[in-house]
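These notes concern the structure reproduced below.
Here, each number is a calculation from the coordinates, and none is a lab measurement. Because the structure is predicted, anything quoted here is derived from the model rather than measured. A quick note on method: Cβ atoms are made from the backbone with ideal geometry, for glycine too, and the neighbour counts reach across all protein chains shown.
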Amino acid sequence: MDDHVTTHQAEDDARNENILIYLNGRIVPKAEAVVSVYDSGFMLGDGVWEGLRLYQGHWAFLDEHMDRLFEAAKAIDLDIGISKDAMKQALEDTRAANGMTTDAHARLMVTRGVKTRPFQHPGLSRQGPTITIIMEHSRPSIPRPIRLATVPHIRGLPMTQDPKLNSHSKLNCILACIAAEKAGADEGLMLDVNGFVNTTNACNFFIVRKGEVWTSTGDYCMNGITRQKVIDLCRADGIPVFERNYSLVDTYGADEAFLTGTFGAQTPVGDIDGRQIGDGEMGPMTKRIRALYKDLVARNVER
């Protein structure tokens, strides 16, 4: 069996050793981009983040990403302290400082900031938020379809930790990824509280059955921007698409399966729990949706 691959695997790029990173209004070399051990993000995973992708000098679907970031911050009662326009400008300043034009990925992170004492209460974060933008040269390099393994870890109910939040608290998903790797797979397929197929530990999940595209109801998964773009593209192009409950039985018998995310767009799945999906390669529907998405990004860049 070949080595594990990840859905965020990228080509090595030596330029990433010398990137500049945005940290609280300053753009500094990687070695200087450090935060306190008292930071809420480090200490408690108290923060939210976004991943953005640069195409031809333009951050794809930037407004949607900003809306999701600020909505998540409001949900956890975190005052980002700057406007959406100021955040966009920080992103642009960091891009310009790094001279990046395309094939770059940004991770924009906001935590509740440095605490006065090492305890949980959010009132101990009194110095304002920590805002960081890590921007890397990044061209996806996923050598084969992804292998998934179903894991016991689930995406839970919203009164525990709402799966729609892109929070820094990712331990549940990390444990799912570890379980999948222990089973010889690349990523974990997570079920919802009712046992229906939901998402993977890092991406949204789709199957194709008899010309129809299925994904989960969305009740227990990250409200993925790429996920929604795929649903919208299918509807616009006359492809039957359903947000529905479906089981592992439906999944194992699928003609195709693929993942969606900002980094990899649409990544084919070749194997789930040792069952080959379709012919184990990227299927025609996945290729069709990939082409539609590529055109959508190009139109977004032109605007």
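Determine the sum of side-chain charges near Gln276: Lys and Arg each +1, Asp and Glu each -1, restricted to other residues whose C-beta is under 14 angstrom from that of Gln276.
-3
Could you line up Phe119, Phe206 from fewest to most neighbouring Cβ atoms inside 10 Å? Don't skip to the answer; put the middle values down first.
Numbers: Phe119 10, Phe206 25.
Fewest-to-most ranking of Phe119, Phe206: Phe119, Phe206.
What number, in nm² with one decimal, is the all-direction average of the projected area of the convex hull of the alpha-carbon atoms of the range 14-137? Let's see the in-between values first.
Details: hull surface 28.8 nm².
Its average projected convex-hull area is 7.2 nm².
Can you tell me the 0 to 90 degree angle between the C-alpha axis of helix 284-302 and the longest principal axis of the chain, rounded to 10?
30
What nm value, rounded to one decimal, do you get for the distance between Ser169 and Lys88 when each label is placed 7 Å out toward the C-beta?
3.2
The range 209-254: percent of C-alpha pairs farther apart than 14 Å?
That tail contains 53 percent of the Cα-Cα pairs.
Please report, for the Cα atoms of the range 80-218, the Rg to one decimal and the Dmax as a whole number; what are they, in angstrom?
Answer for the range 80-218, Rg first and Dmax second: 18.9, 58 Å.
Which length gain, in nm to one decimal place, applies between Met159 and Gln228 when the Cα-Cα distance is subtracted from 0.36 nm times their residue separation? It would help to have the intermediate numbers written out before the result.
Numbers: separation 69, 0.36 × 69 = 24.84 nm, distance 2.35 nm.
Additional length available on full extension: 22.5 nm.
For the range 51-56, in order, what is each residue's ³J(HN,Hα) by Karplus, 6.51 cos²θ - 1.76 cosθ + 1.60 with θ = phi - 60°, in whole Hz (x at glycine and Pro)?
Taking θ as phi minus 60°, the curve returns x, 10, 10, 9, 10, 6 Hz for the range 51-56.
Give me, ordered by chain and number, the residues 5 or more places off Thr150 or on other chains with an amide H under 5 Å from its own placed amide H.
Leu189, Asp273
State, to one decimal in nm, how far the label point of Arg303 lies from the label point of Phe242, with both points 7 Å from Cα in the Cβ direction.
Inter-label distance under the simple model: 3.1 nm.
State the extension gain, in nm to one decimal, for the chain segment bounded by Lys287 and His121, taking 0.36 nm per residue of separation less the distance between their alpha-carbons. Write down the numbers at each step before the final one.
Working: separation 166, 0.36 × 166 = 59.76 nm, distance 4.83 nm.
Once the chain is fully extended between Lys287 and His121, it gains 54.9 nm.
Amide H neighbours of Glu256 under 5 Å, counting only residues 5+ apart in sequence or on other chains, H built in-plane at 1.01 Å?
Correct list: Val208.
Which angle from 0 to 90°, rounded to the nearest 10, does the C-alpha axis of helix 225-236 make with the longest principal axis of the chain?
The angle comes out at about 40 degrees.
Rounded to a whole number of µm²/s, how large is the Stokes-Einstein D of the chain at 4 °C and 1.567 mPa s, given Rh as the Kirkwood radius over C-alpha pairs? Mind dumping the intermediate values first?
Working: Rh = 20.2 Å.
Estimated via Stokes-Einstein, D reaches 64 µm²/s.
Tell me, what is a quarter of the convex hull surface for the C-alpha atoms of the range 146-302, in nm² with one decimal?
Working: hull surface 35.4 nm².
If I average the Cα hull's projected area over directions, I get 8.9 nm².
Is there a quick way to get the dipole size of the chain? I mean about its Cα centre, with the Cβ of Lys and Arg at +1 and of Asp and Glu at -1; what is the value in debye to the nearest 20?
Details: 34 positive and 40 negative charges, 101 e Å.
That gives a dipole near 480 debye.
Size of the dipole of the range 177-303 about the Cα centre, Lys and Arg at +1 and Asp and Glu at -1 on the beta carbon, nothing else charged, in debye to 20? List each step's numbers first, then the result.
On the way: 14 positive and 18 negative charges, 88 e Å.
The dipole of the range 177-303 has a size of about 420 debye.
Just to confirm the number: angle between the C-alpha axis of helix 84-98 and the first principal axis of the chain, 0 to 90 degrees, nearest 10?
It is inclined by approximately 90 degrees.
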